Amino acid sequence: MTERSHLMDGLRVLAAHLIVLHHLVTNGPLGQTLQPLWPGLFQLLHDHGRYATQVFLVMAGYLSAVALLGPQPPSVVRNIGKRYARLMPAYLLAILMVALVVTCLRPWINQDWLTEPPTLQQWLSHALLIQSLIDQPAMTVGAWYVAIDFQLFVVLNVLVWGLLRLGFKQGSVLISLAVLCLASQWVFNRNPDGDVWALYFFESYGLGAVLAYAMHDPRGNVPARGVLLLCMCSAVVAGLIYPRPRLLISVAVCALLWWGVYRWRPPAALSRWLQRQSDASYSLFVTHFIPLVVANAVWISWDGQSTAWGVVWLLVTWGVCVGWSVIFYHSVETLTRKAWRH
């Protein structure tokens, strides 16, 4: 079993909280109270907070590829089924709860940032993780990421399975991953309309996958590290020529993991805290829109005018999001995982 990485726990927690803060300041009037007091912080979270998803993408590519490094073709149907079962219970319950909360509070809020009343087609598209592909409105913030994560996982597993079944070695898999990564950097990721497809995000996911080969190749082949350096340098150049901060962030995350994915050893208390928060990060990601909607409804009903009190209420909401995610993790994610194992 691969050793647990404290660095990845820390990055996962940081990225999850940045996403929550990004959504807090971009959805509803409560988040706007931050702007007069700290305009720089507000602008940073509002405009650039979404780039924290690149951290998740690089790490997801790395971890998924590590699991596929064996010489035998992976059990592709089993792997995809397990991934779907891992994502869906918490995700579907979360969007059901979002729909109920939004329906109940719409009379108090009635603003265009709220998700629309769901239709049967929306429910089915979200259950199949194809809502963006068929232009169905998202039922919660972050729904697009869950769908993209699943798409990327399927692409990686099918690619590795297909090449190994055809008799190619892992070296050929590495080259194929690198080619897709480079194609995403220079072609697919430059088309904004392509952000509903996996190849748009393969510039980050592919970097993580190539990093897995560079770090875990049992022979320590220099070519794997050379391929990784090529992909990283290409991402920097592509990100500067056609300005895209997401590419530069992906390279920074990749470099940090390459330097010390298992090197950082925090104190025991911090390590335990990071592990708990990291375990609950998916629950935080899929559930934080619920406290966000409730907090905005309360703020609107108070006819909030005080900027200072708005920021205090914003911080309280952030804390509630974290506490609620921990409860959700232990009561939903943990139980469903145990049920699937049995």
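The values are calculated or read from the model by the stated rules, or taken from the named source; none is laboratory data. Remember, it's a predicted structure, so these values are computed and weren't measured experimentally. Glycine also receives a Cβ, built like all others from the backbone with ideal geometry; neighbour counts cover every protein chain displayed.
Data table
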| quantity | calculated |
| --- | --- |
| Subset of the range 195-208 that is part of a helix (DSSP H, G or I) and either modelled with pLDDT under 95 or aromatic (Phe, Trp, Tyr) (or both) - its residue that is farthest from residue 62 (Cα to Cα) | 200 |
| Residue satisfying all of: in the range 232-255; hydroxyl-bearing (Ser, Thr, Tyr) and outside any loop (DSSP other than H, G, I, E, B); farthest from the chain's Cα centre (by Cα) among these | 234 |
| Residue list for the range 131-164, filter: in contact (Cβ under 8 Å) with a residue 12 or more places away in the chain, among the charged types (D, E, K, R) and not in a helix (DSSP H, G or I) | none |
| Near pairs, Cβ below 6 angstrom, 6+ apart or cross-chain, from the range 259-281 (closer than 26 Å to residue 321 by Cα) to any residue that is in a helix (DSSP H, G or I) and among the charged types (D, E, K, R) | 274/9; 275/9; 278/9; 278/12; 281/12 |
| Filter pass, residue 308 being free of Cβ contacts under 8 Å to residues at least 12 places away in the same chain, surrounded by fewer than 20 Cβ atoms within 10 Å (Cβ to Cβ) and over 18 Å from the mean Cα position of the chain (by Cα) | no |
| Scan of the range 9-44 for residues that are more than 29 Å from residue 102 (Cβ to Cβ) and surrounded by 21 or more Cβ atoms within 10 Å (Cβ to Cβ), ordered by number | 9, 11 |
| Residues (aromatic (Phe, Trp, Tyr) and more than 19 Å from residue 231 (Cα to Cα)) located in the range 182-199 | 197 |
| Yes/no for residue 47 being surrounded by 19 or more Cβ atoms within 10 Å (Cβ to Cβ) and acidic (Asp, Glu) | no |
| In the range 66-102, residue surrounded by the fewest Cβ atoms within 10 Å (Cβ to Cβ) [restricted to those that are over 14 Å from residue 149 (Cα atoms) and β-branched (Val, Ile, Thr)] | 77 |
| Filtered residues of the range 120-130 (kept if exposed (fewer than 13 other Cβ atoms within 10 Å of the Cβ) and either closer than 14 Å to residue 148 by Cβ or free of Cβ contacts under 8 Å to residues at least 12 places away in the same chain (or both)) | 120 |
| Scope the range 171-200; condition under 16 Å from residue 53 (Cβ atoms) and of a type in the set (Gly, Ala, Ser); matching residues | 184, 194, 198 |
| Selection status of residue 258, of a type in the set (A, V, I, L, M, F, W, C), surrounded by 15 or more Cβ atoms within 10 Å (Cβ to Cβ) and outside any helix (DSSP H, G or I) | no |
| Selected residue (criterion: farthest from residue 281 (Cα to Cα)) from residues of the range 86-110 that are without any contact (Cβ under 8 Å) to a residue 24 or more places away in the chain and among the aliphatic types (A, V, I, L, M) | 100 |
| Qualifying position, being modelled with pLDDT under 95, over 27 Å from residue 81 (Cβ atoms) and outside any loop (DSSP other than H, G, I, E, B), among 183, 224 | 224 |
